[in-house]
Structure formats: C-alpha cells, structure tokens
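Peer 1: Quick one: the structure is below, questions incoming.
The values are calculated or read from the model by the stated rules, or taken from the named source; none is laboratory data. Since this is a predicted model, take the numbers as computed values, not measurements. Here the Cβ positions follow ideal geometry from the backbone for every residue, glycine too, while neighbour counts run over all protein chains shown.
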C-alpha cells in the first residue's frame with residue numbers, strides 16, 4: 001500500500017497537511033526566508049534562480065507582495081544580485097557547501113538603500129533555502145561602538161595624563177601607555193606594583209586610607225565622593241614624580257560601585273615652578289639668602305618670641321667697605337661676584353639657627369638667636385677677620401664694617417635696626433674693617 005497523504009481544507013482549498021505546516025512555519029519566522037530553485041541552461045549550468053516560496057517577513061523586508069514574488073527570478077527582481085549573491089547561491093547548489101555570511105552588504109532596489117544581512121543558505125535538491133536577517137541597525141551600532149572604542153583608545157594611549165581602571169577586587173585592569181613616560185615603567189609593570197612601590201610612604205598611607213574608606217562605603221551601600229589630591233610617585237630610577245591624582249568611582253544602574261576610574265597627571269614641572277616662585281618670593285635672587293621683605297617677617301617673629309619667652313637676640317649689620325669703588329673700578333659683574341662670595345663666607349660660619357638676609361646693595365643683616373651681645377661681638381669679629389683675611393677673585397682684599405646690638409625690652413624692629421645701623425656707622429667712622437657695639 002502507498003503512504004497515506006493527509007489533506008486539509010484551507011480557505012476552501014484542499015492542501016497537503018505537510019505543506020500547510022511548512023507554510024505556517026515559514027510565516028512564523030521573524031527573519032526573511034526564501035526557497036530558490038536553480039534555473040539551468042541547456043548545457044546544465046545555472047543561469048538564474050526562481051522564487052518557489054517566500055515568507056511574510058521576506059515580503060515585508062523588500063515591500064513586495066508574495067504573489068509578485070512567486071515564480072519570479074532572482075535576477076529579474078534584484079539585478080544587482082548578479083554581482084555577488086547569485087554566485088554564492090550557485091556554489092551552494094553545485095557543491096552542497098552551505099553559505100554563511102555575517103553583516104554582508106546588499107543593495108535593496110525597492111528601498112533604494114544598502115542594507116546589511118546575516119545570510120545562511122543550504123542546498124535542498126536543486127534548490128537553495130535561504131534565511132536573511134537584517135542586521136543593519138546592529139551593524140551600525142557595532143560600527144559606532146568600534147569607532148567610539150577606537151576614539152577613546154587613541155585618546156587614552158596618546159593622552160599626556162595616565163588613565164587607569166581598577167576592578168572591585170583591587171586588580172588593575174588597564175593603564176594607559178603614558179605611565180612609561182611619567183614613571184619609566186611599562187603598563188604591565190605598573191599593574192602589579194603595590195602601593196608602597198608606587199608611592200612614597202606618606203602618599204601611600206593617604207591613598208591606602210582612601211581605598212579603605214572606599215571599601216567601607218561600598219559595604220555600607222553608599223558611594224564615596226570623587227577623590228582628588230596631589231601625591232608623590234616613585235619613578236623607575238628612584239626619583240620622585242609629583243602627580244595630581246583623581247579617583248572616580250564608577251556605578252551601575254543600581255548605584256553600586258563596579259570599578260574605579262583613575263587619572264594621574266604629572267605636575268612635577270609645575271611643582272618645580274611653584275617652588276621656584278616660592279623661593280623667589282622670600283630670597284634674594286643674586287645671593288640666595290633671605291630678601292629684606294622676608295627677613296623683616298622672620299625678625300619680627302623672633303622679636304615677638306623673645307618678648308614672650310626671654311631668650312637673648314643679637315643683630316649684626318654687615319656692610320662692605322668702599323663697595324662703590326669695586327663696582328666703579330671692576331664693573332658690576334665683579335661686584336656681584338664679591339657679594340656672592342661674601343654671602344658664602346658668612347653662611348659657612350654662622351650657626352643653623354642664625355638668620356642671614358640681604359638688606360639692600362652691599363648691606364646684610366644677621367639675627368643670632370639665643371645670643372647675648374658679648375657672644376655676638378665675638379662672632380662679628382670672627383666674620384670680619386674671615387672677610388679681610390682672604391682675597392676676593394679679581395678684586396683682592398675686601399673688608400667689612402659690622403655693627404652689633406642686642407634686643408632691648410622696649411625695642412620694636414625699627415628701633416632695633418636703627419641701633420644696629422648706628423653701630424655699623426660707628427665702625428666705619430673709626431676707620432672701617434671694624435666691629436662696633438650699639439649703645440644699650
């Protein structure tokens with residue numbers, strides 16, 4: 001007996017049950033699905049394909065009704081298919097090897113635009129069963145994502161700042177290449193360093209405390225604020241890099257911290273400029289000792305402390321004898337050399353607690369802490385002898401006159417300076433190269 005074929009009534013038309021089930025299956029598919037049968041020339045080679053079946057999704061995709069699809073040929077409906085798709089389908093029928101294409105571009109004649117499809121095709125006798133999924137939106141999103149990732153990669157890899165990310169378990173997941181310029185180590189080397197290998201002890205303690213607070217906040221279900229500060233980093237050669245550090249917790253849609261984004265900027269040059277400016281603000285640019293303005297501030301503070309606690313203070317005023325003649329005879333450059341050498345001799349023979357300031361021109365003021373006038377005069381005499389005892393380059397012998405005065409209970413800075421200045425002029429009036437004490 002032959003196999004029994006089940007038949008059903010569909011809209012007044014009798015059809016095989018298997019065909020009805022296939023039709024229902026095809027129309028339920030969300031992706032365009034077609035069955036194409038090869039059309040062969042007399043010599044047997046494939047010259048076109050005929051649409052034997054299409055589902056609703058395929059009709060909607062190209063805006064062609066099913067009745068206008070069936071029986072039509074591939075190249076009649078889509079002439080551009082001759083440039084690529086036709087050959088792929090012919091290969092499937094001839095070789096039996098399925099075709100698999102991802103995000104392949106095809107021009108949609110009906111829509112007048114290029115679309116991207118994932119294509120799957122398999123042979124069925126002399127036909128090919130094709131499913132095409134429109135992935136144009138996905139392709140565009142992927143393209144934009146790739147473009148965005150490439151843009152941010154280029155930014156990160158070429159940024160002057162070092163950008164890094166840390167996972168919640170403390171693993172460094174990314175460090176930009178600029179770390180090598182900053183610290184002389186590769187990103188791979190930097191990723192495995194501990195805090196005490198990265199930072200100096202004080203900075204390591206401060207950064208460590210931040211992360212301890214961060215984990216405590218996460219455990220409590222709160223998000224810590226952005227961290228910002230200046231920290232010291234070790235370079236590979238052991239030198240110190242000053243870095244401006246910003247740490248930004250990254251949170252998910254539920255407000256939970258998922259990773260840490262960090263940005264480190266090398267501010268060593270800026271710090272160096274700031275330190276230079278700070279030095280220039282308080283020191284004399286030629287000699288390097290305190291300038292008059294900052295000297296007055298220090299001396300005023302010393303005076304206030306002496307009034308409160310009573311330690312003796314002695315002031316010395318040192319002036320180079322006949323310094324104008326040095327400038328007039330040898331020039332101001334040689335005169336500057338004399339001032340610099342004088343400063344070196346004075347500094348080398350003062351105590352660390354003594355304060356030396358250039359008061360102006362060739363005049364210097366020294367305040368000797370915890371020093372009464374008797375001891376101050378001994379030091380003044382020693383300084384005078386050190387200046388006179390050794391010749392100066394390009395000048396020969398130079399001498400100084402020194403006035404000394406101990407702080408009195410009723411002195412302010414002006415009166416104390418006036419008495420010291422008067423003592424210095426007394427030393428000059430007695431023949432120069434001398435030391436004189438101010439009146440009590």
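Peer 1: Evaluate the following for residue 232: is it farther than 30 Å from residue 345 by Cα, in contact with a helix residue (DSSP H, G or I) (Cβ under 8 Å, 6 or more places away or on another chain) and either at pLDDT 90 or above or surrounded by 14 or more Cβ atoms within 10 Å (Cβ to Cβ) (or both)?
Peer 2: yes
Peer 1: Going by the conditions given, is residue 318 in contact (Cβ under 8 Å) with a residue 12 or more places away in the chain, farther than 23 Å from residue 371 by Cα and either assigned to a strand (DSSP E or B) or touching a helix residue (DSSP H, G or I) at 6+ places or on another chain (Cβ under 9 Å) (or both)?
Peer 2: No.
Peer 1: Now, a different point. Which one of 294, 332 is surrounded by 13 or more Cβ atoms within 10 Å (Cβ to Cβ) and under 52 Å from the mean Cα position of the chain (by Cα)?
Peer 2: 294 is the lone residue from the list that is surrounded by 13 or more Cβ atoms within 10 Å (Cβ to Cβ) and under 52 Å from the mean Cα position of the chain (by Cα).
Peer 1: Further, regarding this structure: Among the residues of segment 25-55, how many are within 19 Å of residue 136 (Cα to Cα) and out of contact with any strand residue (DSSP E or B) (no Cβ under 7 Å at 6 or more places or on another chain)?
Peer 2: 2
Peer 1: Return the pair list, or none, for Cβ contacts closer than 6 Å from residues in segment 258-272 that are farther than 15 Å from residue 207 by Cβ to residues that are in a helix (DSSP H, G or I), at least 6 apart or on different chains.
Peer 2: 266/182
Peer 1: Can you name the residue in segment 231-244 that is free of Cβ contacts under 8 Å to residues at least 40 places away in the same chain and within 19 Å of residue 274 (Cα to Cα) and is also farthest from the chain's Cα centre (by Cα) among such residues?
Peer 2: By that ranking, first place goes to 239.
Peer 1: So, one more: Scan segment 363-415 residue by residue and report those that are in contact with a strand residue (DSSP E or B) (Cβ under 6 Å, 6 or more places away or on another chain), more than 14 Å from residue 319 (Cα to Cα) and surrounded by 21 or more Cβ atoms within 10 Å (Cβ to Cβ).
Peer 2: Listed by number, the residues that qualify are 367, 368, 371, 376, 405, 406, 407.
Peer 1: Just one of (1) in contact with a helix residue (DSSP H, G or I) (Cβ under 8 Å, 6 or more places away or on another chain); (2) at pLDDT 90 or above; (3) in the same structural domain as residue 245 (by TED's automatic domain parsing) trips up residue 123, so point out which.
Peer 2: (3)
Peer 1: While we're here: Say whether the condition of being surrounded by fewer than 18 Cβ atoms within 10 Å (Cβ to Cβ), modelled with pLDDT of 85 or more and part of a helix (DSSP H, G or I) is met by at least one residue in segment 154-171.
Peer 2: No; the residues of segment 154-171 include none that is surrounded by fewer than 18 Cβ atoms within 10 Å (Cβ to Cβ), modelled with pLDDT of 85 or more and part of a helix (DSSP H, G or I).
Peer 1: Here is a further query. Being surrounded by fewer than 13 Cβ atoms within 10 Å (Cβ to Cβ), at pLDDT below 90 and in contact with a strand residue (DSSP E or B) (Cβ under 8 Å, 6 or more places away or on another chain): is that true of residue 260 here?
Peer 2: When the stated conditions are applied, residue 260 does not pass them.
Peer 1: Give 351, 358 a once-over and let me know the one that is buried (at least 16 other Cβ atoms within 10 Å of the Cβ), within 19 Å of residue 298 (Cβ to Cβ) and in contact with a strand residue (DSSP E or B) (Cβ under 8 Å, 6 or more places away or on another chain). Working first, answer last.
Peer 2: Details: 351 fails: buried (at least 16 other Cβ atoms within 10 Å of the Cβ).
One residue alone meets the criteria, 358.
Peer 1: Still on this structure: Can you list the strands (runs of 3 or more DSSP E) found entirely within segment 321-440 that contain at least 1 residues being touching a helix residue (DSSP H, G or I) at 6+ places or on another chain (Cβ under 8 Å) and within 18 Å of residue 290 (Cα to Cα)?
Peer 2: Correct list: 355-360, 363-369.
Peer 1: Look at residue 55 and say whether it is within 60 Å of the chain's Cα centre (by Cα) and surrounded by fewer than 17 Cβ atoms within 10 Å (Cβ to Cβ).
Peer 2: No.
Peer 1: Collect the residues in segment 56-83 that are over 21 Å from residue 134 (Cα atoms), assigned to a helix (DSSP H, G or I) and in contact with a strand residue (DSSP E or B) (Cβ under 9 Å, 6 or more places away or on another chain), keeping them in residue-number order.
Peer 2: Scanning segment 56-83 gives a single hit, 76.
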